[in-house]
Every structure is written in C-alpha cells, then in structure tokens.
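These notes concern the structure reproduced below.
The values are calculated or read from the model by the stated rules, or taken from the named source; none is laboratory data. Keep in mind that this is a model prediction, so the values were computed, not measured. Cβ: placed from backbone, ideal geometry, glycine included. Neighbour counts: every protein chain shown. The area values use the complete protein model at the heavy-atom level, side chains included, leaving out ligands, DNA and RNA. Shrake-Rupley method; radii C 1.70, N 1.55, O 1.52, S 1.80 Å.
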Amino acid sequence: MEGKVKEQKRHQQKHSGPKAERKKLKKQGGTTDEDERKRNPKAFAVQSAVRMAKTFHRAQDIKTKKHHIPLVDRTPLEPPPVVIVVVGPPKVGKTTLIRCLIKNFTRQKLGDICGPVTIVSGKRRRLTFMECNNDINTMIDLAKVADLVLMLIDASFGFEMETFEFLNICQVHGFPRIMGVLTHLDSFKNNKTLRKTKKNLKHRFWTEVYQGAKLFYLSGMVYGEYQTQEVKNLGRFISVMKFRPLVWQTSHPYALVDRMEDLTDPESIRTDPKCDRTVSLYGYLRGTYLKNKCQVHIPGVGDFQVADVNFLPDPCSLPDAQKKRALNEKERLLYAPMAGVGGVVYDRDAVYIDLPANHVNQQQEEVRPTTELVQSLIDTHATLDAKMAASKVSLFSGSATLDPTEEESLQEKHVWDPNTQRNRRKVVFAEEEEDDVSSTTDDEYGDSEQEEDEDKDNLSEFLKEARAKSEKSAKNVTYTPPVKRQKLEKRKEEGEEMLAFADSEDDLEMSEEEESKEEGEADEEESDDEESENESVEEEDDADDTVKKQTESEEEEEQEFEGSVILFIILLFLSIGALQWKDGLQQKASEAFLRQQEAAPNLRKLIYGSEASDSEDEDKELGGLFRVSRPHNSTKFQANALDCSRFNPDTFHDWDLEEMLNSIRDCFVTGKWEEGQDAATLLKEDEELYGDFEDLETGEIHKGPTEQQDPAENDEDDEKEEAEESQMKVDDDEDQKNKRLEKKRRLKERFDAEYDDGDATYFDDLKEEMQKQAELNRTEFEDVDDETRVQYEGFRPGMYIRVEISSLPCEFVTNFDPHYPIILGGLASAEGNVGYLQMRLKKHRWHGRILKTRDPLILSLGWRRFQTIPLYHIEDHNGRHRLLKYTPQHMHCGASIWGPVTPQGTGFLAVQSLAGTKANFRIAATGVVLDLDKSVTVMKKLKLIGYPYKIFKNTCFVKGMFNTLLEVAKFEGASVRTVSGVRGQIKKALSTPLGAYRATFEDRLLMSDIVFLRSWYPVSVPQLYNPVTSLLLPVGQKDNWEGMRTLGQLKHDLGIRNNPNTDSLYKPLVRGQRRFNPLHIPKELQKALPFKSKPKQQQPKGKIPRDLQRPSVIREPHERKVAALLHALSTVHNHKRKKAHMVQHAKHKEFLQQKEKQEEAKLKRQKEARKKLYRVMGQMDQKKQRSSLKGSSQEN
C-alpha cells in the first residue's frame, strides 16, 4: 500500500460553453470584442449622449483636480538631504523607529539620537532624521523646515492632542508631506478589534490630512526593534517620495544646524564668563541662495548679523555617478556630530577625527590598516607636533639654526568638551599661548631636544613603537592574523624599518635584497654628506664634530617633517574611505608634481645652481605610496662655486640662427600650440564653416575653399565613399529596410511635433515654460567653479556651510542641548525691521476660551516666535474698524500688532502659553498677514451721557456731558439721542454752567430722560515685541519659557480681587404701584364716535346692604354627625360607582375589539363573495360573447 501513490484527479477541460468558445476563437487568431464591433458597429455606438457627457465631465474633473500651479524647479544638481521629522506623543516609539530606519539604510546601530542624523539612502538622495519631542516650541520650529513628517500614533490609545496640534501647525506654515505610522498594534489580542481600530484611525487620519494619505502599520517588535520587512517598506516609500516646494521654504535660505563650535577667545571667557560668544554653526543650506553678511534669525535665540560664511567639503557626500543598482558598504555614510557619529569632521581651521574606543576593541576578522594606524596614534603619549616644535632647522651649513618658537606654529591643546563628552584637540597658535606657557613646557622642550640629539629614530621606528604598544594593550583581543604578526615580529628582530601604511601584505613583505640596497645607499649618502660638509666648513676638529651632529639632527628633523606630512595625508585618506585613494595613485602623483613644477619657479635651481634629479632607486619607498627623498651627492656644492644668480655674458643667444627662432616660434599666436590648434588649422576651419561671403563695402565676392580642394583631399573623399558603398552592399536588405522605416518614423514625429497642436493645453504650456526656466537657471553657472559662483549668486542650496556669528548670548553655549533643534533662518532685506502689521485672525474652534483684546499672545510668524499685544477689530459697513473686546466665536476678525515685518500672505498661529503641557488644545488662533503699514485706524466707541436741566418745548438745556466750552464747540452739530429714542442735535454751548449746551429734539423731553452721544476715538497699538528665547534656558527647563502675564493671571497670582461696581450688582426690585388718570374723552368727540366706541354710563356696583346679606348657618352637634355620616356614605358610593364604571369601560372596550374583528371577518367574507360573483359574471359574459361570435360566423 505504501508503494502505491494515489493519483490526483485530472483537470477536465470544458469543450462547450462561452469560455470554451472564447478559447477556440483565440486559437483561431481573433478577439471576440473586435469581431463584434466590426460585425455590429451600431450596438457599440453611444447609447445616451447625457450619460456620455457626464462620464466625460467626471473624467475631466478628476484630471483637473490633480493639477497644481507649476512652480520653477530650483532644486540644485546635488540637493540637500531631505528633512524627515518624526513626531508623536511621548513613549510612542519615535527613537526606535529612527534607529530602525538608520539600520535599514546604513547597516549601523545608533545609540543615543541627539540632533540631526544624516545618512545616504540612495544614489541621488540623502536623508536627515530629526526627532521632535513633546514641546510646542520644537513642534513649531521643525514644522517650518520639514520636508516629510512621520507621524507616530499609538494605536492602543488612539489619537492624542499632540498629533492634532502638529497637524494644525503644519497647515499654517506650509503643509509638508505627512505619513502616519501606527505602533503598539501587538497589544490587540482580538483580530476583529484590530481591523476595526485600523479602519477608524485611518479614516480619521484621512479627514485631517487628505483622502488616501498613506498610513503604515508596524505590527510588533522583535528584540526591541520593529520588524525588518515593515521598516524596509517604509524606507522604500521614503526613498522614492516626491516633494512639492513650499513657498516660505523656497523663498528663504535656512539650515538645520547639525554641529556647533564655540570660537570665543578662552582668555575672554576666563576674565568674563558672561561675555558674548562667537559661535560657528554648521549645516546643509536649504531653500534659496544665502548671501554673506546677511541677517539671520535663530528661533529661540534672536536676530543676528552673519560675520562670515564658508562652504566646506560635504561630510556625507553622495556616491560617484556609476551605473549600478545599489550602494556598497563604503557609500552608506552616516553623519551625526551631535550624536558623536561622523568619523571625520571638517573645519576651516582643522580636521577632527573621532574614533571611539568601542569601535576599535571589537573583534574583527581582519585588521584594517586604517584602524591599526589610528589606534597606534591614540596610544602614543608624545606627538610629532611636540617633537617638531622642539626641533631646530639650519638652511645653510654653518649658519644659525631657526627656532620654530620665533615663528607662528601650531600646537595642540586637549580640551574637554562637555557638549560632545569627549576630549577635543584644539589648535593653539603661538601668539595666543604666550601668556599661558609656563616654565615647565620650556623644560620639556629642552629635554626633547636632548633626546632627539641622542636618538636617531625616524617616522617608521616611531610608528613601530606605537604599534607595539597597541598590540600589548590588545593582547586579549586576537584579531590580528597570525601570519602578519609573525612577519612583523621578524622585522622587529632584524631591526629594519617597517612600513607605516601599505597597500597589501605583499608590500609589507619587501625582499631583503631591496632593503640591503637601500641601507647601503643610505650609508653612502651619509658618508658623502659628511665629506662635502667637511670640505665647506673651516677650522678645527671640534667644529667637525658639531657639523656631524648638526647634519644628523637635520636629517632626523627632515624625516620627522616628512613623516608628519605623510601622517596628515594618511589621516585625510582615512576620512575619504578605506582603500579609495589607491585608484590611479601614481598617475595622480605625477600630474600633481608636474602642475606644481609648471606653476612655481624652481627656487632650488636658482639657489643651488642645478636641479636635483633623484632617481627612483635612491628614494626610499614608504608603503608603496610615498617616497622619502634622501640628500644626493650632486645637491651639495662647494662654497667657492659659481654664483648662478649673476648674469653670465658667455651664455648669450644668437637670434639670427634658424634654430633659435624655431625654439620660440610656438610662443606666439601664429605658432602651433597643440595638435589641431595651430593658426593655419583654425583659419582653415573658419573658411570651411562660413564658406562664400560678399564684402559689403567693396562688393567683392570671396569664394570658399569648396571649389579649390586639393587633389589629395578629393582622393581621400573618394576612398571614404567607396568604403561606405562596400559596407552598404555587405549589409542585409532587412537592416536597410528597418533603418529607412526608423528614419521615416523620426521624420514624422518631428513633423507632428512642429505642426500639430495635439492635446497640449495651457497647463502643459505653463509646465513647459517653467521647465525651460529651470533649465536656464541650472545652466547659467554650470561651468563656473564654486569660489566664483559664490561671489555672484551666493551660497547655493545643497552646500555644507559654516556660518560664523558673533555676539551670541553666553547662555546659548552653556545651556546647549542637542535634543532641541537649532535652525538658521535667513531674512530678507526688509524682514529685519519691526513695525505695524495688519492680520486676519480666527480663534481656533478647538481652543476652549475666547481671546481678549490687550492680552499678550505668543505668535509664530515666519521664522520667529515672539510675544506681542494684539488689538482685535472688525470692519463695519461704512469702512470703520471697530475695536472688539473679545474675538468672535466662529468668525474671522482683524488684528493689529507691533512685530517684525513679514511678507503678505504669510500664515501664523497664536499660543497663549508655552509653559508645560496643558490638557486642552494649545493653539489659540490662526490667521494670515494682510498689510504691513499703519493704514488701519482702530476706533473705539465712547458714549457720553448728559441730563436735561431745563426744557422749553422741543428745546432743552443739557449738562454733565462735557467739561469745557472748547469740548462743546468741537461737537457742535453732532447728533444725540435719548434712551427713549428721541433724536436731537447739539446747537450751541452755554456760558453757565461749564460744559452745558443747548440742543433741539424731535419731541418734548421729560426731566427723567437721559441724553447720550455716540462718539469714536482712535486706539494706539501697544508696541511690544518680545522674542521667545527658549534655547537660552537651562537644560531641562527649555519648555518653561514665560513672558508677560495677562491681567487675569497677575490678579490670580497676586491674590487681587476686583471691587465690584455697585451699580452692576443685582438688587431686589421694589416697584411702587402706579396710578393712572382716568381716560377723559371730550363730549364733542363722544358725539362723533359710533355707539360701539362710546363710553357707557355704567354705575359702579356698591356694597350689598346688610339686610340683603344671607346669614351663615351654625349646625348643632347632632346635625354635624349626620352630615359627616352622609359625607362618608356618599364617598363610599362614589368610589363604588367609579370602580363599576371602570369595569364597565374595560368590558365595553373588549366588546368593541371583538366587534371590530367580527366586522373585519365580515368584510373579508363579503369581499370573497364579490370576487366569486364577479368571476362567475365574467365567465358568463365571455360565454355570451363566444356564442354571439359563433352565431355571426354561421350566419355569414
């Protein structure tokens, strides 16, 4: 049974049916749709013109909705890194996501993420990740520079207030691309609940961003990281995403600072720790071009003038343009100086190499020369700089030595940097250190001189000792291959010079023959040097000894100097890559040498009489890369040799000779400079290019060279034609046919492009025009070097710049926190001024309270965050701007502030407080800038109240409204009103009492009337501009900035209570009874009135006389008992009757229901009976009709 395999049921193909028919037709070579359209074209015609029009309109609407206003593409050829801001509430997974994305792109793990992290994600794209903490200041700043926002949402909790706050900030400052990321999905145990939560969050996210916005799901974590495939998918979306330029970003230069250095003089800091600092900020320039000496704003610090701007080599450069699909490991760069990652840091003054110890002590399969060399440098205690500073150089034999301390020299100073938490090697100049140098350093320098005189070590021996130390310290970590270590030990035993830096193991294993040759040559050179120097120096044997020592020290110093140069170049190569410097090294070195020789005059030849020619055999090679030049015999001359600086009359040139003329012929315009660039060739090409032409002045016609060709040229042309004909014969006919068809097709496409409009629309023309403008911008300075371009157009976006700013507050450096972003925002020429701004403002619908006029408000406008006092107003129908006490609930209103001048149309948002996190929505209002002047005059309504004290018919004297005659004269002719609505006008002032006036009214006033005058007076805008300096606060308190407090906050903090206005308090109203006079109608009027309206003569009823009043009956006790008994009996009787009535009512109700059912059944029976009756009657009628038809047919 086991041997038998059960056969699977075979698939039975259909031989009939529509599917089989379609397959048969397909085999026969025709499609059913095309055949049906050909056979029956009317069936596929337009069935409904209305439906077709609707379909067409819908398609056009969808197409038009995708259109945007085309903008000129100003992105440079090497764009700056894309700024990706990771936003979300606390503990939602922001840092973990950044770590996973960095690991996905660069294969590296990053510990603490501080500041911007820049990586190379592809051949044409770099990314800068920045984490946004839960601080409203950081949210506002990063929303202005973000290109892409990764919005993390805790799916187990739902949306939090920070998410909506950041979305509203983005809506105001230009909406970047936003992608949602759902985390904590592994907390859902029920799959149905998970799907429902995803759907709800997705639709809510679409409501806030746009329909169809991308939302990623990170389903869970594995070993503290998100799943690799999900992170990879997210990285792919980020890598291919396109970005639309935002108006504010493209019109202003800005940089997200990724490194900060304090350049202040240490002596100034020592004398005054609170002095202003000079700081250099580094970052990629974005937006538009930055001019030197311009004005910039640092959000959280203030406005500053740029002292100097330089561009530096790109620390995270894009890979070379090569046709390949992916990046190799060397090109996956990571640059994060604030996080302590970046390898080599470039500066204008120095190059910093950062190699943490944990990277070197790791177990590695192979030892890279870069790591070994740098580790040996780290382990050394004495530096080459110190030895060079202590050495002395003699230019001529027997001359005085030059002390390097007399000239300006570079020295090193170890400084502990609290910001980066590491030792920094600071370069200190001699002038700066004159005051700080102590006597101990002089002693050390003297000791080092004695040591150098005694020792005859060179660069290779120094590196050998350093490597030996590093091997001793790393004995427990066995990462060196055993073969290489044996060879190194062997070289140590022989006492030979080791290579400091070699290309491979083959270079390290030099043959003994070459080494012995080099040693012999070096000995010969030393002996020759001593002999030549002994000849040139006078006097005694003691002098000979001193000369020997001096020459030996000079050789050692020369070797040390060359070794330091080699070391610097090696360190520079470390920053470039592992072995990238090897490509074409010999060719590069020769080209550099030739350029140097061509550019600079040969001073050595001028001084020593002849140029030294060091052969390759005499030079000593270091690592197959550098050659250490040794002194040669020919380079030494005797003291009585010929002075080459004098003119020698014997060496004159005979310019009559043809040879001498030919030697300088090529130095002139008519000479032959290079192949194909002599004058004759160029003139010939010009004639061939322009051909025949007519001289307009003389009328002479000059013929081109086409008619006068040489026979040799004709022969060459004939040979070419014969070769082409033979080639055409060899070609197949099919290839010729294809070529002709291709040529025709290209000609037709060119013709169609020139003469057919096609489907080109205005939108396409506009896009083409923008494309041409972008191409023109790109090609204008394409061939100019960067130094010249910067002078004309400024520093272009994409450059890595160093901005030096002086007079920064010291708190910026001392309280520096890399977790908070530093943005360098460039300002236009007018944006540095402060003035009046007119805005349109609306209170945010989610903010809890309305805003009050003259309450200080914190605005985010442009790059700035500042506090000001706004005045809210609204425009009336007559154009007057009326002051509002509070903002309207669901309407826009105007606002006037005193603040920095910002271009019109710039959006802003308002926050009432920045201190701490509140439960409610923090964004108080949003709006836009309208005007930049004081054209709007805000008016406030003022009611003046007066009281009449004399009344003459319609004229009245009013007092209490004004205080002087001058005030009354100013308001003559103004309209006044009373509370009851009687209108009047001010006529003239009265002499007494002061401020009284005469006014006329429409009707007679009463003494109880109150007269008021509605007037308007202008309100001045308070001039308060208080920048938010949150970055100057101590670490940990940067989100607790407090500015001016409102009046309510002041009273609350100080415990002040308002004294209530007594007139505003509620009191019990006591109204006296009013007596109205009787209505009096004149008798004449009564006669004219109809009877219905005439007053009736009705006598009022008087009191009833006592005799007509009925006396009250007083019952006796027995009667009271009888009455009580009767009352009780009647109560019982009424209760029984009521109960019986209820029972009867229930029975009657039931009876009615039964009767209704019976009625329904009866109606149903009657309906059925009627149906039967009608059916029988219909049948009888049909029979009659049939019989009548039969009878008529028989009669016929």
Over its alpha-carbon atoms, segment 110-187 yields an Rg and a Dmax in Å of 13.8, 39
Report ³J(HN,Hα) in whole Hz for each residue of segment 154-164, in order, from the Karplus equation J = 6.51 cos²θ - 1.76 cosθ + 1.60 where θ = phi - 60°; Gly and Pro get x. 7, 5, 6, 9, x, 5, 10, 5, 4, 4, 5
What value does segment 165-232 have for Rg/Rh, both radii from Cα atoms and Rh as Kirkwood defines it? 1.03
Would you please give the residues with an amide H less than 5 Å from that of Arg865, counting only those at least 5 places away or on a separate chain, with H modeled from the backbone geometry? Gly300, Val1028
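Roughly how compact is segment 740-863, stated as its Cα Rg over 2.2 N^0.38 Å to two decimals?
Against the compact-globule rule of thumb, the ratio is 1.94.
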Taking a spot 7 Å from the Cα of Ser268 along the direction of its beta carbon, which residues of segment 814-841 have an amide N less than 17 Å from it? 814
For segment 128-159 and segment 945-978, what is the separation of their C-alpha centers, rounded to whole Å? 64
Which peptide among 253-263, 220-230, 1063-1073, 833-843 comes first, and what is the full order, when sorted by highest mean count of other Cβ atoms within 10 Å? 253-263, 833-843, 220-230, 1063-1073
Calculate, for segment 1099-1191, the solvent-accessible area per residue in square angstrom, rolling a 1.4 angstrom probe over the heavy atoms of the protein chains. 107
Solvent-accessible area per residue for segment 744-856 (1.4 angstrom probe, square angstrom): 59
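Which length gain, in nm to one decimal place, applies between Gln1049 and Gln60 when the Cα-Cα distance is subtracted from 0.36 nm times their residue separation?
350.4 nm
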Taking H as built 1.01 Å from N, whose amide H comes closer than 5 Å to the amide H of Ser121, not counting residues under 5 places away? Arg126, Leu127
Which of Lys842/Lys885; Lys242/Lys772; Lys199/Lys843; Lys843/Lys940; Lys940/Lys988; Lys94/Lys123 exceed 23 Å between C-alpha atoms? The answer is Lys199/Lys843; Lys940/Lys988; Lys94/Lys123
Express the C-alpha Rg of segment 930-1076 as a ratio against the empirical globular expectation 2.2 N^0.38 Å, rounded to two decimals. 1.68
Using 20 Å as the cut-off for backbone N distance, which residues of segment 187-206 belong to the label zone defined by a point 7 Å from the Cα of Ser156 along Cα→Cβ? 187-202
Segment 795-953, accessible surface, carbon-and-sulfur percent (1.4 angstrom probe): 51
Multiplying the sequence separation of Leu1152 and Ser980 by 0.36 nm and subtracting their Cα-Cα distance, what value in nm do you get? 55.3 nm
Given 10 Å bins starting at zero, what is the percent of C-alpha pairs of segment 818-931 in each, up to the one with the largest pair distance? 13, 44, 31, 11, 1, 0
More than 24 Å apart: what percent of Cα pairs in segment 1040-1196 qualify? 83
Expressed as a whole percentage, what fraction of the accessible surface of segment 969-1112 belongs to carbon and sulfur atoms when a 1.4 Å probe is rolled over the protein heavy atoms? 53
Starting from 0.36 nm per residue, how many nanometres of slack lie between Ala53 and Phe1012 once their C-alpha separation is accounted for? 338.6 nm
Over the Cα atoms, compute the radius of gyration (one decimal) and Dmax (the largest Cα-Cα distance, rounded to a whole number) for segment 52-142, in Å. 19.7, 62
Gln227 versus Gln1179: modelled label distance in nm, points set 7 Å from Cα along the beta carbon direction: 7.6
In 5 Å bins starting at zero, report the fraction of Cα pairs in segment 910-984 per bin as a rounded %. 3, 9, 14, 14, 10, 7, 6, 7, 10, 8, 8, 4, 2, 0
Under the rule of at least 5 residues apart or a separate chain, name every residue whose amide H is placed under 5 Å from the amide H of Leu851. Thr887
Radius ratio Rg over Rh of segment 135-290, counting only Cα atoms, Kirkwood formula for Rh: 1.10
Sulfur and carbon atoms: percent of accessible area, segment 115-258 [1.4 Å]: 53
Go ahead and run the numbers for FRET between Thr992 and Tyr1066, Cβ-Cβ distance against an R0 of 41 Å, rounding to 0.05. 0.55
Can you give me the accessible area per residue for segment 112-258, using a 1.4 Å probe, in Å²? 41
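Estimate the FRET efficiency between Glu734 and Arg854 by the formula 1/(1 + (r/R0)^6), using the beta-carbon distance for r and 56 Å for R0, to the nearest 0.05.
Computed FRET efficiency for Glu734 and Arg854: 0.05.
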Cα pairs beyond 16 Å in segment 1015-1103, in percent, come to 82
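Between Asn1077 and Asn1134, what's the calculated FRET efficiency when r is the beta-carbon distance and R0 is 41 Å? Round to 0.05.
Numbers: r = 54 Å, r/R0 = 1.32.
Calculated value: 0.15.
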If you project the alpha carbons of segment 1067-1139 onto their three principal axes, what span does each projection cover, largest first, in Å? 67, 48, 34
Distance in nm between Ile945 and Thr207 label points, each 7 Å along Cα→Cβ, equals 4.9
